[in-house]
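This report refers to the structure that appears directly beneath it.
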Amino acid sequence: MLFAGCKTNDGDVSSKETASKDTTSLSNTEEVDKYQEEGHPTLPESLDLGGFEMTYAVFEPWQIIPEEGISAEGDLILEALREVQETYNCVISVRQVDVTEWDTAMTAIVAGEEFANVIMPRIHQSGGFLQSRLCADYLSPEISKYIDMDNPWWNDTMAYASNVLGSVYAGCSAIVCPADSTYITFFNANILKEIGVQPEELYDLWEKKEWTWDAFVKYAKMANKDLDGSGAMDSVEDRWGFVCPGYDTAQAFCSSASVASCTTTDGMNPTYSFNTAHCISTLTKLNKIFTTEGIYTNLSWGNNIPMFTSGKGLFWFAGLAMVGYQSIREMEDDFGILPMPLGPKAEGGWQDEYMSRVDHNTNLCIIPVTVSNKEYTALVLEAMTFKYFTIINEKVDTYANLYCRDDKSVEVANTIYNTSRFEISQFLYGINGGAYNAGVETKIRDIVNIANYDVSGQMNSCADLAQQMIDDYFNGL
């Protein structure tokens, strides 16, 4: 795990109403320090749960119980885990579920089995659980007694994304560390200096809230260089303004502009929204960035990393955790990081907050409806979440500083938790055999690949089908 964090503050067409306080360029250090000193605001300081057994079903057991001595941050987690068990007299265990076997878990829960106190499928595997109403409501009295997703150790955009008709069915807490999988901007500092720009210039834009789509395009164009001598930018032998896996990165760009294919109002009135004026104009701009600005070459995931690390791309987009990826750590050129650039706002200008999508492979925390003691489950889940949150600073000290190349990168990394956001469409991905993804979301793939794409026509062409699938999901099985 890397830079853990869960709180975000945003608001627009695809998000619930939130406070206007600007947090996305601020570090979480002071907030964590505050709670480390003051403790949890509502949890009992101690409580004897009589040896209550708390089981997490997860693909990677180390997320809950790391192996001792493997890493400094893992040992910090183990220490926090032991403290929770001692404070509340409970036993925490893991039930491993293969990444392909969540259908088995669903069948067991349908049959009335408790299965685990908390199941942790990936987002794209979770839609069926929500549609089938196999999840307990986080807003129910026995759970909300302890868990409030407005607290900074929970991601409140997940409370929006998993809200189905007024019930919140999934959470994303500090246990999961969504910031690790939040898309960010990597830049090659050597290329930047070659084109006459110091990294401080980009960091200054970030601090002034002027790191926008247009600023990104400006610098990307400056970095283009015909290296193969063909007289044009036409091959992987050239140096490009940016390299990345197109589809996933385009989705992250969408979130940075509050563009989403499905929106609700507190879980009510679910509406297909790719055909709104804001979405169409923004997606049209995105189509131009990827296809006609001449700054992007379409590459597979495996190919774009060596392009960036070998100095053939100024910008690269990936999850924050990639700072620890071996080829990035061993990269000869220096690199820096920024959040995703600010996208367009519906009323004109740029978004007020940095926002970026969390990858669909992130694990969630779902309490099955069959769990017999939801109150104790909520208490232990909240206690673990809070403890994992309060060790963020120590984890950054022992891990982040190992891989970032400059102090500003560490500073940026500490703000990424504020930019992490989830979308309703990530739950729709896995329903009906992936029909929603195939019929609606993959139009983003065409936006990345087809120049002068008919955004308005295509987004309206699937509106009726999309709305029907959305209605089916929200109405339940």
Revision key, fill the gap. Rounded to whole Å², per residue accessible area for the stretch 45-101 with a 1.4 Å probe reads 54
Check your understanding: When you count, for each residue, the other Cβ atoms within 10 Å and take the mean per peptide, how do 270-283, 312-325 rank with the highest first?
Key -> 312-325, 270-283
Review point. What is the stretch 59-100 by shape, rounded, prolate or oblate, if you read a ≥ b ≥ c off the alpha carbon gyration tensor as root eigenvalues and call it rounded for a/c under 1.5, prolate for a/b larger than b/c, and oblate otherwise?
Key: oblate
Review point. In nm, to one decimal, how far is the D407 label point from the L227 one, both placed 7 Å along Cα→Cβ?
Key: 3.2
Study note, to complete from the structure: Log entry: pair-distance distribution for the chain, C-alpha pairs binned every 20 Å from zero, whole % per bin is 25, 57, 18, 1
Revision key, fill the gap. Rg (one decimal) and Dmax (whole number) from the Cα set of the stretch 252-311, in Å, equal 15.8, 48
Exercise for review: Rounded to the nearest 10 degrees, what's the angle between the helix 374-390 long axis and the longest principal axis of the chain, both from Cα atoms, 0 to 90?
Suggested key: 50
Point to revise | Linear extension gain, N460 paired with E207, 0.36 nm per residue minus alpha-carbon span | key: 87.3 nm
Check your understanding: Ordered by packing density, taken as the mean number of other Cβ atoms within 10 Å over each peptide's residues, highest first, how do 245-255, 89-99, 446-456 rank?
Key -> 245-255, 446-456, 89-99
Practice item. Note the angle between two axes, namely the Cα long axis of helix 277-291 and the longest principal axis of the Cα atoms of the chain, as a number of degrees from 0 to 90, rounded to the nearest 10. Key: 60
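Classify the stretch 71-216: rounded, prolate or oblate, from the alpha-carbon gyration tensor (a ≥ b ≥ c, eigenvalue square roots; a/c under 1.5 rounded; otherwise prolate if a/b is larger than b/c)?
Note, shape of the stretch 71-216 comes out prolate.
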Practice item. Work out from phi, with θ = phi - 60° and the Karplus expression 6.51 cos²θ - 1.76 cosθ + 1.60, the ³J(HN,Hα) of each residue of the stretch 126-140, listed in order in whole Hz, and give x for Gly and Pro. Key: 9, x, x, 5, 6, 4, 8, 6, 9, 10, 6, 7, 5, 8, 5
Point to revise | With Cα atoms, 0 to 90° folded angle of helix 213-223 axis to the chain main axis | key: 50
**Study point:** Inter-probe distance in nm under a simple model that places probes 7 Å from Cα toward Cβ, at T107 and A451
**Key:** 5.1
Exercise for review: Please report, as a whole percent, how much of the solvent-accessible surface of the chain comes from carbon and sulfur atoms (probe radius 1.4 Å).
Suggested key: 46
Revision key, fill the gap. Note to self: with every protein chain in place and a 1.4 Å probe, the stretch 284-423 gives an accessible area per residue in Å² of 31
Revision key, fill the gap. Per-residue ellipticity at 222 nm attributable to helices in the chain (runs of n ≥ 4 DSSP H, -39500 (n - 2.57) apiece, nearest 500 deg cm²/dmol) works out to -10000 deg cm²/dmol
Revision key, fill the gap. Taking a ≥ b ≥ c as the square roots of the Cα gyration tensor eigenvalues, with a/c under 1.5 meaning rounded and otherwise prolate when a/b beats b/c or oblate if not, the stretch 358-477 comes out oblate
Study note, to complete from the structure: Taking a crude spin-label model, label points 7 Å out from Cα along the C-beta direction, the N475 to E332 distance in nm is 6.1
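The values are calculated or read from the model by the stated rules, or taken from the named source; none is laboratory data. Note that the structure is a prediction, hence the values are computed from the model and not measured. Positions of Cβ are backbone-derived with ideal geometry, glycine not excepted, and every protein chain shown enters the neighbour counts. Side chains are part of the model used for accessible areas, which takes the heavy atoms of the whole protein and leaves out ligands, DNA and RNA. Shrake-Rupley method; radii C 1.70, N 1.55, O 1.52, S 1.80 Å.
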